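Note sheet for the following structure.
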Amino acid sequence: MLDLKFIRDHSGLVKDAIRVKHINLDLDELLRIDRELLAVRQRVETLQAERNANAKAVPKASKEEKPELIEKGKALGEEIKALEPALRAHEDALRQLLLRVPNLPLPGVPEGVDDSDNVELRREGTLPSFDFTPLDHVALLDQHGWADAERVARVSGSRSYLLKGEAALLEQAILTFAMTYLADRGFTPLSTTALVRPETLVATGHFPGGEDQVYKIEGEDLMLAGTAEVPVNSLYAGEILAESELPVTLAALSAAFRSEAGSAGRDVRGLIRVHEFRKVEQYVICRADQAEALKWFETLLANAEGILRALELPYRVVQNCTGDMGAGKALMYDIEAWVPSEQLYRETHSCSYLGDWQARRTGLRYRGEDGKPQFAHTLNNTGIAVPRILVPFLENHQQADGRIRIPAALQGFLGGKAFIG
RNA sequence: GGAACGGUGUCCGAGUGGUUGAAGGAGCACGCCUGGAAAGCGUGUAUAGGUGCAAGCUUAUCGAGGGUUCGAAUCCCUCCCGUUCCGCCA
């Protein structure tokens, strides 16, 4: 959400953002409703002021004057009540439109339509060269009896997954490694639930718009979040934090649920795209200072890269274009790890800077040095997401004999083993 | 699922249908005091709108929404949330 005053004063900039982000929103309609609301509100407030003054006069009035004042109060009350439906309708309409207004991309964000317009910034690590015919991750899992896709599909349908034996331990080891890695860098480890109230999804910016991606709990006003960003962002909702409490830096582990509506047929095989997975999410709430926030952006990116480096996976960093970055984001980089079987990079991390757009929706404020409350800035990035990361992990580290090499940094989390399988 | 009790400002906590935006305390800010600090004393300190160059004026907000009333934090109804006890349960 943007500040309404900002929208009024910079409608051109906002319209540009709507255009480059390809959002279907008529800003002129918003501005019109805003003006109308203002007029109705001023009328109501004038009447309310009259009513209040009148009510205040009643106890002081003489016996003879009282009936007249009371009558006047009644009339004013009815006049106000008559205006309330219009007031309410305008407020609701404005809010609905306001929730759809995107954040402004930072200068320099490449303009584009979808992920094909994203810009590769750099490649890191060395691509593996195999002197044997490498297998894809599904074949590797099968070969070791590490998965049982058929049985789990009977239980849970498509896009479910099951890991067995050392693969199950590996998944756990990677999560623990990532939590530890981030904890060592000052992030507070957090383990939290994905079960959230709908307003938390509005707060992050997933709603309105992303409703069809989210599982809803039948008979309850609860939903399953697709990332720990959702519960964690709302942790301090409505509060005014002391500046000394910032920055809040979290490494939040949670289950993540995504319906994957609209991606039917895509990545149905293997561990790339599943309905339920687990993820360590980096989340930062910092002061409303763009320079400081951008430093955190670099830190979040460096953490993710550090984790991939420790896992010895080649990857590239991509800057998302305006059309691929989501309404709330001012800056977004994806990290994509190399998948040998496909001979391409696939997204494993997504780093985002939201400015105060998300905090404004969440009511996430702090008291600045001047004593005035202001909206914080928020950022998030994946720490690690399983089982997706196992795809590049298994494929890049496979050996001629089928074993999987365990990078040194991970061995301590896996009983000291240098290989599994 | 049953029962009881609660939801007030940055925090804790009082609160009578009208002079309460809301006592008191904590915290914070500034000042005095001090060699410096603590303590102590004094002053200040809600949020979001509208309007105004400004001082200011004004509206809303005491979980949410309705209702009663000239007037509601205060009375009534509905809902939401929380805590505790009992039951059930991994």
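The values are calculated or read from the model by the stated rules, or taken from the named source; none is laboratory data. Worth saying up front: this structure is predicted, and the values here are computed from it rather than measured. Every residue, glycine as well, gets a Cβ built from its backbone with ideal geometry; the counts of neighbours run over all protein chains shown. All accessible areas refer to the heavy atoms of the entire protein, side chains included, with ligands and DNA or RNA removed. Shrake-Rupley method; radii C 1.70, N 1.55, O 1.52, S 1.80 Å.
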- Let me know the Kirkwood hydrodynamic radius for chain A, please, with Cα pairs as the basis and the value in Å to one decimal. 24.2 Å
- Item | Relative compactness, the stretch A:164-260, computed as alpha-carbon Rg over 2.2 N^0.38 Å | 1.24
- Note on the structure: On the accessible surface of the stretch A:1-127, probed at 1.4 Å with all protein chains in place, carbon and sulfur together account for a percent value of 51 percent
- Using the Cα gyration tensor of the stretch A:273-377, the equivalent ellipsoid's semi-axes, largest first and to the nearest Å, work out to 31, 14, 13
- Task: Please work out the average accessible area per residue across chain A, using the 1.4 Å probe convention, and give it in Å².
- Result: 48 Å²
- Task: Sort the stretch A:320-421 into rounded, prolate or oblate with this rule: let a ≥ b ≥ c be the square roots of the eigenvalues of the Cα gyration tensor; rounded if a/c is under 1.5, and if a/c is not under 1.5, prolate when a/b is larger than b/c, oblate otherwise.
- Result: oblate
- Message: Need the list of lysines near A:LYS74 for cross-linking: C-alpha distance under 22 angstrom, and skip anything on the same chain fewer than eight residues off.
- Response: A:LYS56, A:LYS60, A:LYS63, A:LYS66
- Message: At a threshold of 8 angstrom on Cα-Cα distance, excluding pairs fewer than six apart, so keeping six or more, what relative contact order does chain A reach in percent?
- Response: 20 percent
- What value, in deg cm²/dmol to 500, does the helix sum -39500 (n - 2.57) over DSSP H runs of n ≥ 4 give at 222 nm once divided by the residues of chain A? -12500 deg cm²/dmol
- Message: Projecting each Cα onto the charge dipole of chain A (Lys/Arg +1, Asp/Glu -1 at the beta carbon, about the Cα centre), which of A:PHE277, A:THR192, A:TYR215 comes out farthest on the positive side?
- Response: A:THR192
- Averaging sequence separations of C-alpha pairs under 8 Å and six or more residues apart, then dividing by the length of the stretch A:311-391, give the relative contact order as a whole percent. 24 percent
- How big is the gap, in Å, between the Cα center of the stretch A:144-189 and the Cα center of the stretch A:294-368? 22 Å
- Item | Neighbour net charge for A:SER352 - beta-carbon separation under 12 angstrom, K R +1, D E -1 | -3
- With a/c under 1.5 counting as rounded, go ahead and sort the stretch A:16-57 into rounded, prolate or oblate using the C-alpha gyration tensor (a ≥ b ≥ c being the square roots of the eigenvalues; past the cut-off, prolate if a/b is larger than b/c, else oblate). prolate
- Compute the long axis of helix A:290-310 from its Cα atoms, compare it with the longest principal axis of the Cα atoms of chain A, and write down the angle in degrees, 0 to 90, nearest 10. 20 degrees
- Calculated from backbone phi, Karplus (6.51, -1.76, 1.60) coupling profile of the stretch A:146-158 in Hz, x at Gly/Pro: 8, 9, 8, 4, 5, 5, 5, 5, 5, 7, 10, x, 6
- Message: What is the sum of charges, Lys and Arg at +1 and Asp and Glu at -1, for the other residues whose Cβ falls under 14 Å from the Cβ of A:CYS286?
- Response: -3
- With bins of 10 Å, the percent of all Cα-Cα pairs of the stretch A:64-194 per bin from 0 is 8, 13, 17, 22, 13, 9, 8, 6, 3, 1, 0
- Would you work out which of A:ALA57, A:GLN42, A:ALA82 lies farthest towards the positive end of the dipole of the stretch A:1-131, given +1 charges on the beta-carbon of Lys and Arg and -1 on that of Asp and Glu, about the Cα centre? A:ALA57
- Net charge of neighbours whose Cβ lies under 15 Å from the Cβ of A:MET179, counting Lys and Arg as +1 and Asp and Glu as -1: 0
- Query: Reachable lysines from A:LYS329, Cα under 30 Å, same-chain residues fewer than 8 places away excluded?
  - Reply: A:LYS5, A:LYS15, A:LYS21, A:LYS216, A:LYS279, A:LYS295, A:LYS372
- Message: Apply the a/c threshold of 1.5 to the C-alpha gyration tensor of the stretch A:132-174 and tell me whether it is rounded, prolate or oblate.
- Response: oblate
